[in-house]
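Down below is the structure, laid out as structure tokens.
The values are calculated or read from the model by the stated rules, or taken from the named source; none is laboratory data. The structure presented is a predicted model; accordingly, all values stated were derived computationally and were not measured. Cβ atoms come from the backbone with ideal geometry, glycine included; neighbour counts cover every protein chain shown.
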Amino acid sequence: MAVVVMKFGGTSVANIERIRNAAKHVKREVEAGNSVAVVVSAMAGTTNQLVEWVREASPMHDAREYDAVVATGEQVTAGLLAIVLQGLGISARSWQGWQIPITTSQAHGSARIEAIDGSEILQRFEHGEVAVVTGFQGREPERNRIATLGRGGSDTSAVAVAIALKADLCDIYTDVEGIYTTDPRVVSKARRLNKIAYEEMLEMASLGSKVLQTRSVELAMVHGMRTRVLSSFADPESQQPVRAGMNDYDVGTIVCDEDEILEAQVVSGIAYAKDEAKVTILGVADKPGVAASVFGPLADAAIDVDMIVQNLSSDGMRTDMTFTVQATQLDKALAVINQARGTIDFEEIKSSADVVKVSVIGIGMRSHAGVAAKMFKALSEKNINILAITTSEIKISVLIDSAYAELAVRTLHSVYGLDDD
Ligand code: ASP
Ligand code: MG
């Protein structure tokens, strides 16, 4: 028998029929003898609607009241799922964050989970009761207020609840069948991965594959909580239930420790992010302290800088500097640089949002040479110009013109042997 946490995302509980379908997945696990805690999101679209209402009520709204409003979406689904489960003859009870309690920090709208008291849920497991827990929220003890975790936060709730209950597996039910080698909408030969290492998933998540909230992956990695991504739309009855000690499943992708992945690929996936923008500062004085004068004010303005390239100056006097920011922060970044013009000392500033960052990711890179060279060669053969490069131990990212995004992703997917054929 296993302890299982099952999380259902917004599209998986979008209406009563889908909630009934989610309940069938829960029933299968209960009938297999497992102890089950379910974590739910709000019905698809609900949180957006709630956020919109808050903004309409006042653009300068109070953060505590924002949380009071947006946390309600999950309360609805938790209650509805408990009702449907009871209708199936399963003993079930809904739990809001404050009832457990899930204790959070005070940062309303982006609170962090600090502690979860799983004792009552565990006690009720003894009597076969299913706990249906609201995702996305907890209680901040200082002011005794509901706090929400930030958009997509119910993934993090699910992993945190799984850790608190020492679950065997944290199952994240969503509208895709798992994690793919790349976006299947771009590359029809994309394959579902059976397993992916925490670190690889972290890179994928932060690079714009929106399947899991980045923070949930961090949490899973730190605590070694095996987390599976799978589709709620697959037939609930034919699927195998979770078993304690079982490592391999037919469906979904398990995010796990790299030691579990026996034959790691050098490259496991190709990710791309379209929300980057490029800023080039031309004719910057080439002297000590100039990088600090550029990136200091950007940091002070809370602008995240991703890639940075500084050219060599031909005359030893002036150089060009290119960096990328989130496209939504481009205007702000340009304003900050222009304001600091006096201290930076530059000739001209240019920018473009027509760029994408394409990344190859794989833990196997640590032990293999030539991965980057292969990437650069493949792109050059397609005449794709590289505007900037960054690397980490398990990732190489290049910035290219957005017109070439799909060609680059398809080319790299095939070059690294990821095509399904
Ligand atoms: N309902 C929240 C949102 O839409 C939390 C979640 O679904 O993860 O962001
Ligand atoms: Mg989500």
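Total residues in region 333-359 satisfying the condition of being in contact with a Lys or Arg (Cβ under 7 Å, 6 or more places away or on another chain) and surrounded by 21 or more Cβ atoms within 10 Å (Cβ to Cβ): the figure is 3. The single condition from (1) surrounded by 11 or more Cβ atoms within 10 Å (Cβ to Cβ); (2) of a type outside the set (Val, Ile, Thr); (3) touching a residue at least 60 places away in the same chain (Cβ under 8 Å) that residue 237 fails is (1). Considering only residues in region 243-255 that are under 20 Å from residue 211 (Cα atoms) and either loosely packed, with under 12 Cβ neighbours inside 10 Å or β-branched (Val, Ile, Thr) (or both), the one that is nearest to the chain's Cα centre (by Cα) turns out to be 255.
For region 37-92, the candidate set comprises residues that are loosely packed, with under 14 Cβ neighbours inside 10 Å and part of a helix (DSSP H, G or I); within that set, the residue that is nearest to ligand 1 (Cβ to nearest atom) is 49. A single member of 376, 346 is over 23 Å from the mean Cα position of the chain (by Cα), at pLDDT below 95 and aromatic (Phe, Trp, Tyr), and it is 346. Within region 4-20, none of the residues are crowded, with 19+ Cβ neighbours inside 10 Å, away from ligand 1 (no atom under 11 Å from the Cβ), closer than 22 Å to residue 132 by Cα and over 25 Å from the mean Cα position of the chain (by Cα).
Here residue 40 does not qualify as in contact (Cβ under 8 Å) with a residue 12 or more places away in the chain, more than 16 Å from ligand 2 (Cβ to nearest atom) and of a type in the set (Val, Ile, Thr).
Mind checking which residues of region 369-421 are more than 24 Å from residue 191 (Cβ to Cβ) and of a type in the set (Ser, Thr, Tyr)? The answer is 380, 390, 391, 402.
For residue 179, are the conditions met, namely being more than 12 Å from ligand 1 (Cβ to nearest atom) and aliphatic (A, V, I, L, M)? Please lay out each step first, then the result.
Numbers: more than 12 Å from ligand 1 (Cβ to nearest atom): yes; aliphatic (A, V, I, L, M): yes.
Judged against the criteria, residue 179 is a match.
Answer yes or no as to whether residue 202 is buried (at least 19 other Cβ atoms within 10 Å of the Cβ), over 26 Å from residue 18 (Cβ atoms) and within 16 Å of ligand 1 (Cβ to nearest atom).
Values: buried (at least 19 other Cβ atoms within 10 Å of the Cβ): yes; over 26 Å from residue 18 (Cβ atoms): yes; within 16 Å of ligand 1 (Cβ to nearest atom): no.
When the stated conditions are applied, residue 202 does not pass them.
Taken over region 276-315, the residue count meeting the criterion of being under 20 Å from residue 354 (Cβ atoms), without any contact (Cβ under 8 Å) to a residue 60 or more places away in the chain and of a type in the set (Asp, Glu) is 1. In region 28-36 there is at least one residue matching the filter, namely being among the β-branched types (Val, Ile, Thr), at pLDDT 95 or above and under 22 Å from residue 138 (Cα atoms).
So, in region 133-165, of the ones that are more than 15 Å from residue 98 (Cβ to Cβ) and among the β-branched types (Val, Ile, Thr), which residue ends up farthest from ligand 1 (Cβ to nearest atom)? The residue in question is 163. No other residue among 218, 258, 263 is over 22 Å from the mean Cα position of the chain (by Cα) and surrounded by fewer than 19 Cβ atoms within 10 Å (Cβ to Cβ) apart from 263.
Residue-by-condition table, conditions (1) closer than 24 Å to residue 47 by Cβ; (2) of a type in the set (Ser, Thr, Tyr); (3) touching a strand residue (DSSP E or B) at 6+ places or on another chain (Cβ under 8 Å):
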site: 104; (1), (2), (3): yes, yes, yes
site: 107; (1), (2), (3): yes, no, yes
site: 113; (1), (2), (3): yes, no, yes
site: 118; (1), (2), (3): no, no, no
site: 123; (1), (2), (3): no, no, no
site: 132; (1), (2), (3): yes, no, yes
site: 139; (1), (2), (3): yes, no, yes
